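In what follows, a single structure is set out as structure tokens and then discussed.
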């Protein structure tokens, strides 16, 4: 089976009109299963924030390609929602939906990595940088940064993506999502936050090249999450 070429990335916040228990029950037992019934949805993982920031929830879906989101059966899901899902969508505070294309090169995961067990610690990094520095940013990741991260104890996998589209989920209030996210997204999976205290990690995140990229970026926004639950297509 070919590698997934797209990512659906959705921040969520239950909000005051919907309890977290109701939100999570709907997500785990109705919303995700409907998507995982579509073969082009390869994996799904749900995450909760560990950094004290909002939005609190994140869902990541590995896709055969982003094109599947514009075709049936996915494209018709919004028109066939259950009464329960319609009610949840009306009351949920935030479903900030973004699609990304995979950005090469492909970085091999740690030996023995199993996509059935992602994470369980996730760091996302959103970066916006001036167009004239984009090539250097990509070279830094490919030639230095990921290689150094792979030497850190507890590193599991790193992937990079480039933004395609962003906006609220259909049926939610468009005013709840403001602005366009940064162009580049990096997603790093770890065994535990203990990795971030190691000598290897501190070196990987403080080299002269890394600091140049950091100082040059318009946006350099990191988030931390832990795994709630994962789904894999071949288990359906």
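The values are calculated or read from the model by the stated rules, or taken from the named source; none is laboratory data. What you see is a predicted model; the values in this text were computed from it and never measured. Neighbour counts are summed over all protein chains in view; Cβ atoms, including those assigned to glycine, are modelled from backbone coordinates with ideal geometry.
Residue 66 meets the conditions (1) out of contact with any strand residue (DSSP E or B) (no Cβ under 6 Å at 6 or more places or on another chain); (2) over 26 Å from residue 121 (Cβ atoms) in every case but one. The failed one is (1). Residues in segment 42-49 include none that are surrounded by 13 or more Cβ atoms within 10 Å (Cβ to Cβ), touching a strand residue (DSSP E or B) at 6+ places or on another chain (Cβ under 7 Å), in a loop (DSSP other than H, G, I, E, B) and modelled with pLDDT of 95 or more. Somewhere in segment 68-83, is a residue under 25 Å from residue 219 (Cβ atoms) and outside any helix (DSSP H, G or I)? No; the residues of segment 68-83 include none that is under 25 Å from residue 219 (Cβ atoms) and outside any helix (DSSP H, G or I).
Limited to segment 94-135, what total is found for residues that are closer than 16 Å to residue 162 by Cβ and surrounded by 14 or more Cβ atoms within 10 Å (Cβ to Cβ)?
Looking only at segment 94-135, we keep the residues that are closer than 16 Å to residue 162 by Cβ, and these are 98-107, 124-131, 133-135.
From the residues that got through so far, the ones that are surrounded by 14 or more Cβ atoms within 10 Å (Cβ to Cβ) too are 98-103, 107, 124-129, 133-134.
Residues flagged as closer than 16 Å to residue 162 by Cβ and surrounded by 14 or more Cβ atoms within 10 Å (Cβ to Cβ) within segment 94-135 amount to 15.
Residues that are at pLDDT 95 or above and more than 24 Å from residue 88 (Cα to Cα) are absent from segment 173-180 altogether.
Give me a count of the residues in segment 78-93 that are surrounded by fewer than 17 Cβ atoms within 10 Å (Cβ to Cβ) and touching a residue at least 40 places away in the same chain (Cβ under 8 Å).
Taking segment 78-93 and keeping what is surrounded by fewer than 17 Cβ atoms within 10 Å (Cβ to Cβ), we get 78-80, 82-84, 86-87, 90-91.
Filter once more, so that each one left must be touching a residue at least 40 places away in the same chain (Cβ under 8 Å): 78, 82, 84, 86, 90-91.
Residues flagged as surrounded by fewer than 17 Cβ atoms within 10 Å (Cβ to Cβ) and touching a residue at least 40 places away in the same chain (Cβ under 8 Å) within segment 78-93 amount to 6.
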